[in-house]
């Protein structure tokens, strides 16, 4: 038989050898990956699934970076309800690449959206930050209070970008709502967590691959203006859309959204030095898992799934093997197994889109 390039490929290149019969706990990382040291300052941002990365890095003794912290006297559960520690700064969920780019530009004074303050839900006269509407439960008492908090927030965001060693960004959505006036993109549709939807001022935008890659490329260039040695890991959230405004079935809309984000992440990783893609999406959504890592709603990811994602991540990034998830350990107690099957509670602005009565 004649020779050909496939003869010299590694086991990971073949479905029969690398996937078939391997079971749900598959490790789909092949080729080169970055090296993570315990002293490396790791910052995170992105969709609600990204909160799991922060949780496991802290639990595993890595240098998870939090530049915006609550006052020491504030109880931990109260601080978490106010968005402290969920990500490296108190920006809440960042679902799209455009939001990430605009966060950077707002923090550095490059962009000042016209509509940046909304009235909080209810009749109390309180206010919310249009770009982190759920970060302050109950809203702010005055515009001055909100602006002061935002000024402090931007300072901490700049500190994060300028001093991090590794930035992990989880792409979550392509669907978003933006201002018709200046293109500002909000984390949730106006009127859901504050403000009022106005078709004269707001419009739906479903980002395409070219737009996502352009936004990520611009963000990377600007990040490296202030931090030339920053490395970046891109992931795609496996969590499906809670609702779609595209006019398509939510399953088809989810497939489109995740396909766009996955393609964009690949292109960016191939085109930029120091940028890596990690396949958390494939671990949870791939055929070997057979929906095992989803809760009964087929949307929320279980603790077992998160544990497997982070086990693979730390194995390749840091040479650390975590204990196997309890649910796949034969001697695990029923209580431990049940806990592993529970879905992970995270702060998720998007979930409010389906918060009405059934």
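Just so you know, all these numbers are worked out from the coordinates, no wet-lab data involved. For clarity, every value in this text was computed on a predicted model and none was experimentally measured. Cβ atoms come from the backbone with ideal geometry, glycine included; neighbour counts cover every protein chain shown.
Using 1/(1 + (r/R0)^6) with R0 = 35 angstrom and r between the beta carbons of residue 271 and residue 149, what's the FRET efficiency to the nearest 0.05?
On the way: r = 37 Å, r/R0 = 1.06.
So the FRET efficiency works out to roughly 0.40.
Is it possible to state the helix-based mean residue ellipticity at 222 nm for the chain, with each DSSP H run of 4+ residues giving -39500 (n - 2.57), the sum divided by total residues, to the nearest 500 deg cm²/dmol? What is it?
Only helices count here, giving -10500 deg cm²/dmol.
Using Cα atoms only, what is the angle between the long axis of helix 143-163 and the major principal axis of the chain, expressed in degrees (0 to 90) to the nearest 10?
Relative to the chain, helix 143-163 is tipped by roughly 30 degrees.
Give me 2, 35, 179 ranked fewest to most by other Cβ atoms within 10 Å of their Cβ, as a rough exposure proxy.
2, 35, 179
Taking 0.36 nm per residue of separation and subtracting the Cα-Cα distance, what length does fully extending residue 81 through residue 6 add?
So the chain would gain 21.8 nm between residue 81 and residue 6.
Can you tell me the relative contact order of the chain? Whole percent, Cα pairs under 8 Å, sequence separation 6 or more.
Working: 582 pairs, mean separation 68.1, N = 358.
Computed over the chain, the figure is 19 percent.
May I ask what percent, to the nearest 5, of DSSP beta bridges between residues of the chain are antiparallel?
Around 45 percent of the beta bridges assigned by DSSP in the chain are antiparallel ones.
If one takes the longest principal axis of the Cα atoms in the chain, at what angle in degrees, from 0 to 90 and to the nearest 10, does the Cα axis of helix 209-226 lie?
With both axes taken from Cα atoms, the answer is about 80 degrees.
What is the angle, in °, between the Cα long axis of helix 250-271 and the longest principal axis of the Cα atoms in the chain? Nearest 10 is fine, range 0 to 90.
Around 80 degrees separate the two axes.
For a quick protection proxy, order the peptides 116-128, 183-195 by their average other-Cβ count within 10 Å, most packed first. Walk me through the intermediate numbers first.
Working: 116-128: 15.8, 183-195: 21.4.
Answer by packing, highest mean first, reads 183-195, 116-128.
How far apart, in nm, are two points set 7 Å out from the Cα along the Cα-to-Cβ line at residue 251 and at residue 30?
2.9 nm
At a 10 angstrom cut-off on C-beta neighbours, averaged per residue, how do the peptides 200-207, 305-312 rank from highest to lowest?
My ranking of the peptides, most packed first, is 305-312, 200-207.
Determine the shape class of region 242-330: with a ≥ b ≥ c the square roots of the Cα gyration tensor eigenvalues, call it rounded for a/c under 1.5, and otherwise prolate if a/b is greater than b/c, oblate otherwise.
oblate
Name the shape class, rounded, prolate or oblate, that the alpha-carbon gyration tensor gives for region 167-295, where a ≥ b ≥ c are the square roots of its eigenvalues, rounded holds for a/c under 1.5, and otherwise prolate holds if a/b is larger than b/c and oblate otherwise.
Details: a/c = 2.16, a/b = 1.13, b/c = 1.91.
In terms of gyration-tensor shape, oblate.
Just want to confirm a number: the relative contact order over region 130-289, from Cα pairs under 8 angstrom separated by 6+ residues, in percent. Spell out each step's value before the answer.
On the way: 186 pairs, mean separation 41.8, N = 160.
Once normalised by length, the contact order is 26 percent.
Decide, for region 86-238, between rounded, prolate and oblate: order the square roots of the alpha carbon gyration tensor eigenvalues as a ≥ b ≥ c, take rounded if a/c falls under 1.5, and otherwise choose prolate if a/b is larger than b/c, else oblate.
Cα axes put region 86-238 in the oblate bin.
Among 293, 91, 108, determine the one that fluctuates most according to a GNM of the chain built with springs between C-alpha atoms less than 10 Å apart.
Greatest mean-square fluctuation among the candidates belongs to 108.
With springs only between Cα atoms under 10 Å apart, run a GNM on the chain and tell me which of 78, 212, 250 wobbles the most.
In the Gaussian network model the winner is 78.
Of (1) 73, 48, 46; (2) 61, 51, 46; (3) 84, 46, 31, which is the value of Cα extents along the principal axes in Å derived from the coordinates here?
(1)
Calculate how many DSSP beta bridges within region 150-274 are antiparallel, expressed in % of all such bridges and rounded to the nearest 5.
That works out to approximately 55 percent antiparallel.
Over the Cα atoms of region 57-118, what Rg and Dmax result, in angstrom?
Radius of gyration, then largest Cα-Cα span, for region 57-118: 14.2, 42 Å.
Express in whole angstrom the spacing between the alpha-carbon centres of region 164-186 and region 22-98.
Here the answer is 18 Å between Cα centres.
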